[in-house]
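Below: the structure, in structure tokens.
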2 protein chains.
Amino acid sequence: MNRIQAEDILVRVSLDSRLQEGYQGVRLIMREILRGKNVPLHDISRATGIPVPAVSAARRELERRGLLSRRSGAILTEYGVKILTTLGVLDTLRPASSDRYVISDSVKKLILEFEKLVSERPSPDYSLDQSHVLSDTCFKRVMYFHENDGLEGRDIAILGDDDLSSLAIAMFSNRFQLEINSLTVFDIDQRVLDFIDSKCKQFGLNINLNEINLIEEIPKQHKNMHDIFITDPPYTVQGLTRFVNVGGEMIRENTGGIGFVSYPNLRPTDNSVFFENISSMGLSPQELIPGFNEYVGSQIHASRSNMGRFFVPGGIKDFGKIFSDRIYTKSRNT
Amino acid sequence: MNRIQAEDILVRVSLDSRLQEGYQGVRLIMREILRGKNVPLHDISRATGIPVPAVSAARRELERRGLLSRRSGAILTEYGVKILTTLGVLDTLRPASSDRYVISDSVKKLILEFEKLVSERPSPDYSLDQSHVLSDTCFKRVMYFHENDGLEGRDIAILGDDDLSSLAIAMFSNRFQLEINSLTVFDIDQRVLDFIDSKCKQFGLNINLNEINLIEEIPKQHKNMHDIFITDPPYTVQGLTRFVNVGGEMIRENTGGIGFVSYPNLRPTDNSVFFENISSMGLSPQELIPGFNEYVGSQIHASRSNMGRFFVPGGIKDFGKIFSDRIYTKSRNT
């Protein structure tokens with residue numbers, strides 16, 4: 001069995017059980033069962049945020065197809081585990097703490113290594129709204145991605161990576177033996193790409209690098225190719241909308257995916273327009289955490305921005321060319 | 001000085017400093033300074049979620065008008081404190097813990113009293129999508145409201161109150177000496193209103209009660225009258241949209257306000273439509289907390305729903321009649 005076949009089975013389970021969360025929902029349910037062993041229906045529903053009747057229907061369908069059996073709760077069959085393995089989902093350890101703001105000692109060690117690794121990185125280009133998050137934030141993000149099924153077996157697109165999230169993800173995954181399917185960085189700044197490239201060579205990391213201007217129509221080969229997009233876009237409504245739109249276009253049509261978006265405290269009207277834009281594209285807000293990200297000396301926003309997690313349906317189209325200029329804060333002010 | 005004059009001063013500060021967060025933003029900034037004493041600019045920005053230059057402009061304007069003076073940080077003048085007092089903002093105690101999920105012993109005692117008080121309340125009418133939250137949740141909510149400037153000196157509208165949040169708010173405010181300006185319950189269910197009424201009489205609480213069908217156009221005297229709306233609406237997109245819309249209409253035009261909305265895990269497309277609806281009304285999502293609310297035996301949603309906090313601009317209009325039927329889950333299924 002290859003990955004496409006495994007995905008196809010999950011897609012069919014979602015169709016036959018009419019699970020609107022689709023592939024992502026079935027995967028979340030199975031992941032929860034893998035981690036919990038004998039998990040009662042209600043616990044699955046709570047952990048996944050999918051209503052009980054929907055989880056129940058999916059469970060029946062998983063049972064009918066021999067991916068799952070029921071004892072006291074739900075448990076995956078060997079076949080079910082094999083499918084998850086094919087999709088790259090193996091990790092049965094829950095995050096060390098239910099409090100996502102606590103950083104364990106082993107992660108602290110990793111952060112020190114990361115700081116050494118990135119000490120000579122290029123300085124922020126403010127004309128591109130670059131601004132570095134603290135290393136702690138970088139790893140808090142990575143843990144948050146993993147907590148929300150954003151790493152294992154995933155094709156991950158990072159839209160703009162002056163924060164060097166790609167290196168943090170690679171280091172974290174190596175340390176905790178998580179297999180990522182692919183990790184791709186898209187950036188306009190060749191300095192950032194060169195730096196990541198040099199570290200990849202030095203430490204044998206596997207990160208795909210693409211120089212690209214995300215304001216322009218993106219090449220077809222990047223669309224419909226990823227499960228996860230991660231971005232900390234330029235801080236204008238146009239920039240935010242455009243980057244999220246491109247992220248959406250990159251998500252695979254048959255499986256949908258998840259978007260992790262760092263965004264600033266916009267003025268209320270702007271924030272409202274931003275959410276109207278992205279929900280009219282079809283993105284579904286799942287969680288918004290104020291002040292999640294902390295930056296090195298980002299004065300305007302008091303060094304903080306928010307984290308948004310979105311369910312992204314497949315088939316998101318170009319939202320239009322109206323956002324193609326005035327993306328960066330600087331261009332707006334001039 | 002009366003409240004209208006005090007509000008007017010804050011509105012003018014927001015206009016003269018071009019603070020898009022308006023009255024609510026100036027109030028938040030002053031509240032933060034009152035609580036913190038000598039608060040550095042960046043801390044105010046972090047705590048309020050308003051960017052530094054905007055806080056800085058508002059601070060200058062507050063200084064110019066003699067509401068604030070600067071020593072090592074910002075500090076309110078006697079006049080500034082007087083204005084806040086007029087608006088009912090007095091409490092300088094921060095929530096006992098920065099972790100909003102921890103309930104202190106004094107609140108635990110209050111919860112036990114509440115449970116006794118409400119032990120004979122009417123059972124949920126499922127045809128109206130009623131379903132009671134746990135008493136712990138009820139008070140976790142109240143603490144969350146206070147944390148976010150939702151209680152002191154406020155005119156509060158509760159849209160549907162089978163959870164008896166009004167009683168919890170009244171008890172909490174009495175216990176911690178917080179003065180609420182007014183507390184009004186709107187409900188279609190006379191049983192709920194009668195029950196709250198009987199407890200008000202028994203314990204000398206001051207809660208306004210209105211029997212009203214929120215599906216229909218609401219009487220003019222309820223519009224443009226409140227600072228805060230709180231709701232846990234019927235669990236359809238139509239129901240959610242309609243209740244939030246009515247809540248928006250109740251918010252005062254000159255000051256804007258805050259909406260606290262408990263909402264379920266909708267299917268992604270529905271969730272996306274819900275957010276599109278309410279952001280196109282002008283609401284600005286500030287925080288979404290998955291699984292915040294826990295219910296007594298609400299089977300479909302695994303006894304959980306989410307908490308959303310929204311900035312609400314003044315002047316929200318009726319969103320349209322398209323949502324006037326099929327509000328309740330039951331009516332949709334038939």
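The values are calculated or read from the model by the stated rules, or taken from the named source; none is laboratory data. Given the structure is predicted, the values throughout are model-derived calculations rather than measurements. Cβ coordinates were reconstructed from backbone atoms using ideal geometry, including for glycine residues, and neighbour counts include every protein chain displayed. These area figures cover heavy atoms from the full protein model, side chains too; ligands, DNA and RNA do not enter into them. Shrake-Rupley method; radii C 1.70, N 1.55, O 1.52, S 1.80 Å.
Observations on the model:
- One residue stands out in the stretch A:275-298 among those that are more than 8 Å from chain B (Cβ to nearest Cβ) and crowded, with 19+ Cβ neighbours inside 10 Å: the one that is nearest to A:D125 (Cα to Cα), namely A:S298.
- Test result for A:T77, touching a strand residue (DSSP E or B) at 6+ places or on another chain (Cβ under 9 Å), open to solvent by 20 Å² or more (accessible area, probe 1.4 Å) and either in the same structural domain as A:D136 (by TED's automatic domain parsing) or more than 27 Å from B:S305 (Cβ to Cβ) (or both): yes
- Hey, B:R191 among the basic types (K, R) and either in a loop (DSSP other than H, G, I, E, B) or open to solvent by less than 30 Å² (accessible area, probe 1.4 Å) (or both) or not: no
- For the stretch B:238-252, the criterion of being in a strand (DSSP E or B) and surrounded by 24 or more Cβ atoms within 10 Å (Cβ to Cβ) is met by at least one residue.
- Test: residue in the stretch B:318-329 that is in the same structural domain as B:D162 (by TED's automatic domain parsing), at pLDDT below 85, buried (at least 20 other Cβ atoms within 10 Å of the Cβ) and hydrophobic (A, V, I, L, M, F, W, C): yes
- Condition met for A:V89 (within 14 Å of another protein chain (Cβ to nearest Cβ), out of contact with any Phe, Trp or Tyr (no Cβ under 7 Å at 6 or more places or on another chain) and not charged (D, E, K, R)): no
- Of all residues in the stretch A:176-208, those satisfying the criterion of being within 23 Å of A:K108 (Cβ to Cβ) and aromatic (F, W, Y) are A:F176, A:F203.
- Number of positions in the stretch A:254-274 that are touching a residue at least 24 places away in the same chain (Cβ under 8 Å) and either within 30 Å of A:V13 (Cβ to Cβ) or open to solvent by 20 Å² or more (accessible area, probe 1.4 Å) (or both): 12
- Note on the stretch A:1-49: residues that are more than 11 Å from A:T255 (Cα to Cα), touching a Ser or Thr at 6+ places or on another chain (Cβ under 9 Å) and acidic (D, E) total 1.
Residues are listed down the side, and each one gets a yes or a no for (1) charged (D, E, K, R); (2) touching a Leu at 6+ places or on another chain (Cβ under 9 Å):
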position: B:I207; (1), (2): no, yes
position: B:E211; (1), (2): yes, yes
position: B:E253; (1), (2): yes, no
position: B:N271; (1), (2): no, no
position: B:S279; (1), (2): no, no
position: B:L288; (1), (2): no, yes
position: B:G291; (1), (2): no, no
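- Test result for B:T184, under 24 Å from B:E7 (Cα atoms), in a strand (DSSP E or B) and not aliphatic (A, V, I, L, M): yes
- Every residue from the stretch B:194-221 that is loosely packed, with under 14 Cβ neighbours inside 10 Å and part of a loop (DSSP other than H, G, I, E, B): B:G204, B:N206, B:N213, B:E216, B:E217, B:P219
- Filter pass, B:S106 being more than 27 Å from B:E294 (Cα to Cα) and outside any loop (DSSP other than H, G, I, E, B): no
- A:V55 crowded, with 17+ Cβ neighbours inside 10 Å, among the β-branched types (V, I, T), in a helix (DSSP H, G or I) and within 14 Å of chain B (Cβ to nearest Cβ): yes
- Taking the criterion of being part of a loop (DSSP other than H, G, I, E, B) and within 7 Å of chain B (Cβ to nearest Cβ), the residues of the stretch A:261-274 that qualify are A:N265, A:R267.
- Sole exception among (1) surrounded by fewer than 22 Cβ atoms within 10 Å (Cβ to Cβ); (2) not assigned by TED's automatic domain parsing to the domain that holds A:G204 for A:I111, by number: (2)
- For the stretch A:18-27, filtered to residues that are within 13 Å of another protein chain (Cβ to nearest Cβ) and buried (at least 20 other Cβ atoms within 10 Å of the Cβ), the residue that is farthest from A:G257 (Cα to Cα) is A:L19.
- A single entry from A:L34, A:L84, A:L62 fulfils the requirement of being farther than 30 Å from B:Y263 by Cβ, more than 14 Å from chain B (Cβ to nearest Cβ) and buried (at least 18 other Cβ atoms within 10 Å of the Cβ): A:L84.
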